[in-house]
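Working notes for the structure below.
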Amino acid sequence: MSAVYLIDGYNLLFAMGVLHGRAGPHGLEKARLRLLGLLHGVHGDESGAVTVVFDAAHAPPGVAAELDYQGLHVRFAVGEQEADDLIELLIGQAAAPKDLTVVSDDHRIQQAGRRRHCIVQGCQDYLDWLDHHRRQSRPQPLEAPEKPPGADKQHWLAEFADLDEDPDMKDVFDPFGFEKE
């Protein structure tokens, strides 16, 4: 996964179906955290190569314009700037634009990425990629070990044959005391 990612955060959240119409500040914050958790879960140790941009109009109160979340770079467009403006600026500043994957369904953002020869991915394509990598990174169930030699019925009957003679086990074999009669 050695690529660098620049993601239009709210655009991706809408594509995921997480945001529907108006959402209060707490709903937006939960949605952002859900997205960031998903991205970190898939990108893992390479989370530092991911930048997610959100509009500051919906940012948590008092949040910095830039912050790190489990290694992910999170940017909020501040002042009069919108997320699209900031994403275009970041595309323009990319030192190696051919290694940059821009994720957005916004045509303006896609065109800006193509002008700099970035890899441009629509949100659904990126979500499919995330899903594929998330499934690959799940640990595979362990196979049951082979039975050890002699692990059959006769082996265990022989192993525990003398238990019925053990005085401490009498209650197990005859809990109601029928043998005494």
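We did not get these values from a lab; they are worked out from the coordinates using the rules stated. These figures come from a predicted structure and were not determined experimentally. FYI the Cβ positions are ideal-geometry reconstructions off the backbone, even for glycines, and counts take in every protein chain you see.
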How big is the gap, in Å, between the Cα center of the stretch 35-53 and the Cα center of the stretch 76-92?
-> 19 Å
Full extension from residue 16 to residue 124: what is 0.36 nm times the residue separation minus their Cα-Cα distance, to one decimal in nm?
-> 38.1 nm
Across all Cα atoms of the stretch 4-137, Rg and the largest Cα-Cα distance (Dmax), in Å, are 13.9, 41
To the nearest 0.05, what FRET efficiency results for residue 82 and residue 131 with a Förster distance of 22 Å applied to their C-beta separation?
-> 0.15
Set Lys and Arg Cβ to +1 and Asp and Glu Cβ to -1, take the dipole of the stretch 38-121 about its Cα centre, and tell me which of 70, 119, 83 lies farthest positive.
-> 119
For the stretch 4-137, what relative contact order do you get, as a whole percent, if you take Cα pairs closer than 8 Å and at least 6 residues apart?
-> 28 percent
